[in-house]
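Okay, structure first, notes after.
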Amino acid sequence: MKRKLIAVSLPAVFLASSLCFAASVDKAEMLNRHGLNQNAKSELIDVIFSKSSDSNRAQAYYLLGSIAFDEHNIPVALDAWQDLVRKYPGSTQARTVKDRIQELSELVGDSTKESTKSAIASSYIQHANFWSKGKNSGLTIDSSYIPSVEAATKWYDKVISEFPRSTASRIAYQGKLRTLLGWEEPGRYGSKYGLEESFNKYMPMLLDTFTAFEREHPTAATLQAFRYQIAQAYWSQNEYNKAREWLNLIVKISGERDSFYKDLAERRLQNMSKH
C-alpha cells in the first residue's frame, strides 16, 4: 500500500512544483517594468521552450522583440518578430508586427551587430572593417528645408491613432505637445520651431492636442505640467487673461491638495496681478 501511495503522490508533488515555478509572461512583464531586462528575457525564453499555450508563446516572442527594440538592438528584435510571424501567424501579436517588419528593417542602418552565421564570412567582414574603420558607423540625414514639426507630429499621430489609450499613445501625446511648444536652436542664426516660430500657427494645434490628450489619458501625471506650459506661452505673448484662465484651472484641479504646480501657479498669479 505504501508503494502505491508513493507512486501516486510523487507525480502530484512534481506537478505542483512545476506549476509553482512555471515560466510566466506576467512575471516577465513585471521584471521588464522594473528594469530587470535580462531576467525578463530569460523568463520569456523559458516560456517559449515550455509546454505553455500558443498564445503565451506568441506573447513571449512579441515581448522579446519589444525589449530588444527598446535596447536599440533592432536586428535581434526583428529576429524575434519574424519567428513570431512564422510560427504563430494567426496570433494578434503577429498581426501587430507583420506589416511593420519591413519598416523596422529600414531603421537598422548599421549591420555590424547582425550575425552572419558563418565564421569565414565574419572573418572577411572583420578584414574589410579594419581597412574602413574611418567610416561612419551610422547614416546621416540632411534635414535642411524639411518642416521638422510637421514631420515629427506625423509620426506621433501615427502612434496615437494605431495604439489608442496605450502607454505608447501617452508617450506620443507628450512628445507631440513638447514639439508644438517648440524650441530654438543655439547660435545667432539658429532656426525656431513650434510656438517659438509662430504662436498663431501652432497654438491652436497645441490646444487641440492637449484636449485630445486629456480626454484619452485623464489621469496622466503630466497634465498639470502641460497646463502650466500653455499658461506660460500665453503669458509670453502678453495675453494675460488667457494665462490666468489656465493658471486658475491648475489651482482648481489641484483642489485642497498641495502640489508643485499648484504652488507655482499661485505664485505666478500673484506676480501677474501687477499687470
Quiz item: Here are some pairs, Lys98/Lys135; Lys27/Lys158; Lys154/Lys201; Lys176/Lys242; Lys87/Lys158; which of them have Cα atoms lying more than 25 Å apart in this structure?
Solution: Lys98/Lys135; Lys27/Lys158; Lys87/Lys158
Exercise. With a Förster radius of 41 Å, plug the Cβ-Cβ distance of His127 and Lys98 into 1/(1 + (r/R0)^6) and report the FRET value to the nearest 0.05.
Key: 0.65
Exercise. Please report, largest first and rounded to whole Å, the three semi-axes of the ellipsoid equivalent to the range 22-108, where each semi-axis is the square root of five times an eigenvalue of the C-alpha gyration tensor.
Key: 20, 16, 9
Self-check item: Relative contact order (%) - criterion: Cα under 8 Å, at least six apart; region: the range 148-272
Solution: 16 percent
Exercise. Pop a pseudo-label 7 angstrom from the Cα along the beta-carbon direction at both Ser166 and Asp70 and give the gap in nm to one decimal.
Key: 1.4 nm
Practice problem: For a footprinting-style exposure proxy, rank Trp81, Trp155, Trp183 by other Cβ within 10 Å, fewest first. | Solution: Trp155, Trp183, Trp81
Exercise. Check cross-link reach from Lys133 to the aspartates and glutamates: straight Cα distance under 17 Å, and skip same-chain residues fewer than eight apart.
Key: Asp110
Quiz item: What does the charge add up to near Arg33, with Lys and Arg as +1, Asp and Glu as -1, over the other residues with Cβ less than 12 Å from its Cβ?
Solution: -2
Self-check item: Peptide ranges 223-235, 55-67 listed from the most packed, as the mean C-beta count within 10 angstrom indicates
Solution: 55-67, 223-235
Self-check item: Whichever aspartates and glutamates have a C-alpha closer than 13 Å to that of Lys252, once near sequence neighbours (fewer than 8 apart) are set aside
Solution: Asp263, Glu266
Quiz item: Would you list Ile160, Ile120 from fewest to most Cβ contacts within 10 Å?
Solution: Ile120, Ile160
Quiz prompt | Estimated distance in nm for a label pair at Ser53 and Asn39, the labels positioned 7 Å out from Cα along Cα-to-Cβ | solution = 2.6 nm
Exercise. First select every other residue whose beta carbon is under 14 angstrom from the beta carbon of Phe226; then total the charges, Lys and Arg +1, Asp and Glu -1.
Key: +2
Self-check item: Once the Cα gyration tensor of the range 148-272 is diagonalised, semi-axes √(5λ) in Å
Solution: 24, 21, 11
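Each value in this text was obtained by applying a stated rule to the coordinates, not by laboratory testing. Because the structure is predicted, anything quoted here is derived from the model rather than measured. When we count neighbours, we look across all protein chains shown, and the Cβ atoms used for this are built from the backbone with ideal geometry, even at glycine.
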